[in-house]
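See below for the structure under consideration.
Please treat every number below as a calculation from the coordinates, not as lab data. Remember, it's a predicted structure, so these values are computed and weren't measured experimentally. No Cβ is skipped: glycine too gets one built from the backbone with ideal geometry, and neighbour counts run over all protein chains shown.
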Amino acid sequence: MFVQELVPLGSLWLSALVAVLPLATVLVLLGVVRMKAHLAAMIGLAVALLVAVLPFGMPLDQALSSGVQGAVFGLFPIMWIVLNALWIYRLTVRTGHFDVLRRSFGRVSDDPRIQALIIAFSFGALMEALAGFGAPVAICSVMLVALGFAPVKAAVVALVANTAPVAFGAMGTPVVTLAQVTGLPLDTVSSIVGRQTPLLALVVPLLLVFIVDGRRGLRETWLPALCCGVAFGVVQFLASNYVSAQLADIGAALAGAAALVLLPASRRPAKEEVRTAVLTGARTEVLDRPEERGEIFKAYVPYGLIIVIFSIGQLPPVKKLLDSATWKFDWPLLNVANAGGKPVSANTFSLPILNTGGTLVLVAGVLTAIVLRISASATLTEWLATVRELRFAILTVTSVLALAYVLNLSGQATTIGYLIAGAGAGLAFLSPVLGWFGVAVTGSDTSANALFGALQVTAAGQAGLPADLLAAANSSGGVLGKMISPQNLTIACAAANLNGEEGNLLRKVLPWSIGLLLVMCLIVVGQSTPVLSWMLP
């Protein structure tokens, strides 16, 4: 058995300095050298293995085994969810039903400020729920440009909107990963995150109408924006606390869109000066093409199927049946104990074959192909094309998860956590910043949770703060780093045809990112004290 050593070099500062080398390597390669993410992650993994084996004394076979376990978890269930969700999107594009969906959004209102809320906030949240990993920014940027938005404004709106849903994106993958790496119950993590990010949902729609049309936009459309945010936030809170983390964003996105559709103020024709001031791009003519009701229905079928299938999967008899297909086994060549001599949970690995978001989405995809009358060969072709499209993302995520597992199981993350714990009560303020920094660098709340989740729990224990609160704060603070991550900025520029404009976009979204981060830090500080502790479950 390998027992983790917290101070292998005799000094906590020196041990933590060595332990941070793998993370520092990734950050420097990404942020300074601007190396591709998958290459930076693999190099960081190699450094993590060296540090684990040499100064921290982890046997080589166990270090390699821990990295393989992380990579397997990165493949299944994480990328399994993303792969099948993006596959469904590709099926709708192939049949033309995605264009039908886009045009149906455009008909709800001709007001560009309302269109920004429907597409960037509500539909973007739905895409985040299904795919994540940059898909919402890319798709929404293209749709806004098609509606006539200037490319820069379309990209900024898409980036800022991609915040509130991120923690529960890709069928709850970030919070599922957070629960996995911290050992905390998923229900607990989901509940607390669901009492933090809904507060962002109240603010973000108001920011979007301000970004689109300044003070006039805020003055004239504050009511639809607020109603959209309230509907989104309430449903996200209810779903994450009482239904399912996987369904939180789907329900919230549909609720936000429904609030806009049903509110009379959203359907008022926009003044011509508003349209002239905002829609500086060329407006596509396909928005006026009539659709049969049946085609519109089919365009919404994939998302309805996902909701129905996930809802059925939560029924106690069905959930029990699905859980019976879970494979639990002792992970080969891994026998790790923490500094206190207690075996860690990672020694045993659980592989949920059926009761996992990716498999349920796969079922929804097959049913979607049947409803949309896509041949089996075309369906398989699109699935394989999705695998090819995601090949570098798959490599990046598996490498980052392997790195995270090596850090956690070798004791490196624990050592860093002990040092950070010196911040004491100030840790409550810093915990969202750590998550924000992680997402800003990796472009993924999932990756940031994998890297820093266990560290937050360790530091919380040393500082006498609730471990579940700080773990949740890592994810909630992380969502605000998404808009400034190089990965997302590049995706936005590519989608909006803004080659080389990443720096310009960064300057435009950075103030919003930092401002919202400050709000989240204050929320977490309040929740760690009697001031807002009543908000916690």
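Annotation: Cα Rg of the chain relative to the compact-globule expectation 2.2 N^0.38 Å equals 0.95. In order along region 320-331, the Karplus-derived 3J(HN,Hα) couplings, from 6.51 cos²θ - 1.76 cosθ + 1.60 at θ = phi - 60°, round to 5, 5, 5, 5, 5, 8, 7, 9, 10, 7, 6, 6 Hz, and Gly and Pro are given as x. For Leu506 and Ala423, the FRET efficiency from 1/(1 + (r/R0)^6), where r spans their Cβ atoms and R0 equals 30 Å, is about 0.60. Net charge in the neighbourhood of Gln527 (other residues with Cβ under 11 Å of its Cβ; Lys, Arg +1, Asp, Glu -1) is 0. Relative to the globular-protein estimate of 2.2 N^0.38 Å, the Cα radius of gyration of region 452-520 stands at 1.43.
In the chain, the longest principal axis of the Cα atoms and the axis of helix 197-242 are about 50 degrees apart.
Take the Cα of Val366, step 7 Å toward its Cβ, do the same at Ser345, and the gap between the two points is 3.1 nm.
Secondary structure note: in the chain, about 75% of the DSSP beta bridges are antiparallel. The lysines within cross-link reach of Lys36, meaning a Cα-to-Cα straight distance under 24 Å and a gap of 8 or more places when in the same chain, are Lys482, Lys508. Each residue of region 81-92 is assigned a 3J(HN,Hα), and the resulting list reads 5, 4, 4, 6, 5, 5, 4, 4, 4, 5, 5, 5 Hz, derived from the Karplus form 6.51 cos²θ - 1.76 cosθ + 1.60 (θ = phi - 60°), x at Gly and Pro. For the chain, the longest principal axis of the alpha carbon atoms and the long axis of helix 37-53 meet at an angle near 20°.
For Cys493, the shell of other residues with beta-carbons less than 9 Å away shows a net charge of -2, using +1 for Lys and Arg and -1 for Asp and Glu. Just so you know, the averaged projected area of the alpha carbon convex hull for region 1-133 sits at 12.1 nm². The phi-based Karplus calculation (6.51 cos²θ - 1.76 cosθ + 1.60; θ = phi - 60°) puts the 3J(HN,Hα) values of region 502-513 at 4, x, 5, 5, 4, 5, 7, 9, 4, x, 5, 4 Hz, whole numbers, x for Gly and Pro. Calculated mean residue ellipticity at 222 nm for the chain: -22500 deg cm²/dmol, from DSSP H runs with n ≥ 4 weighted as -39500 (n - 2.57), summed, divided by the residue count and rounded to 500. With Cα atoms as the point set, the radius of gyration and Dmax of region 326-472 evaluate to 19.7, 60 Å. Charge tally for Thr379 (other residues, Cβ to Cβ under 11 Å; Lys, Arg +1; Asp, Glu -1): +2. Both radii were evaluated on the Cα set of region 413-494; the Rg over Rh quotient, with Rh as the Kirkwood radius, amounts to 1.04. Between Val318 and Leu39, residue separation times 0.36 nm minus the direct Cα-Cα distance comes to 96.3 nm.
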